[in-house]
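*Asks:* Quick one: structure below, then a few questions.
The values are calculated or read from the model by the stated rules, or taken from the named source; none is laboratory data. Bear in mind the structure is a predicted one, so any value in this text is a computation, not a measurement. When we count neighbours, we look across all protein chains shown, and the Cβ atoms used for this are built from the backbone with ideal geometry, even at glycine.
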């Protein structure tokens, strides 16, 4: 199944390396969903030295969201 991935950055440049890494990680999630992921939105941000990533995926009529933030 084809999947649309949108990757955006706030206060961070989304380089080809970051884009490739995010696409690879989202693609690995496909194995957990029988019908596959229909759409994924990845948002990367840096605020006051805190790096964060939020992901929202649409799969089989469900909207799933996850986030991670770190000081690195």
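*Asks:* Tell me which of these residue 38 doesn't satisfy, since it passes every other one: (1) part of a strand (DSSP E or B); (2) touching a helix residue (DSSP H, G or I) at 6+ places or on another chain (Cβ under 9 Å); (3) modelled with pLDDT under 95.
*Replies:* With respect to (1) part of a strand (DSSP E or B); (2) touching a helix residue (DSSP H, G or I) at 6+ places or on another chain (Cβ under 9 Å); (3) modelled with pLDDT under 95, residue 38 is out only on (2).
*Asks:* Limited to the range 31-59, what total is found for residues that are out of contact with any strand residue (DSSP E or B) (no Cβ under 7 Å at 6 or more places or on another chain) and surrounded by 15 or more Cβ atoms within 10 Å (Cβ to Cβ)?
*Replies:* Of the residues in the range 31-59, 0 are out of contact with any strand residue (DSSP E or B) (no Cβ under 7 Å at 6 or more places or on another chain) and surrounded by 15 or more Cβ atoms within 10 Å (Cβ to Cβ).
*Asks:* Considering each residue of the range 1-14, count those that are in a loop (DSSP other than H, G, I, E, B) and either free of Cβ contacts under 8 Å to residues at least 12 places away in the same chain or surrounded by 10 or more Cβ atoms within 10 Å (Cβ to Cβ) (or both), and give that number.
*Replies:* The total comes to 6.
*Asks:* Same structure, new question: So, residue 17, is that one without any contact (Cβ under 8 Å) to a residue 12 or more places away in the chain, under 20 Å from residue 70 (Cβ atoms) and assigned to a loop (DSSP other than H, G, I, E, B) or not?
*Replies:* So residue 17 does not fit the description; no.
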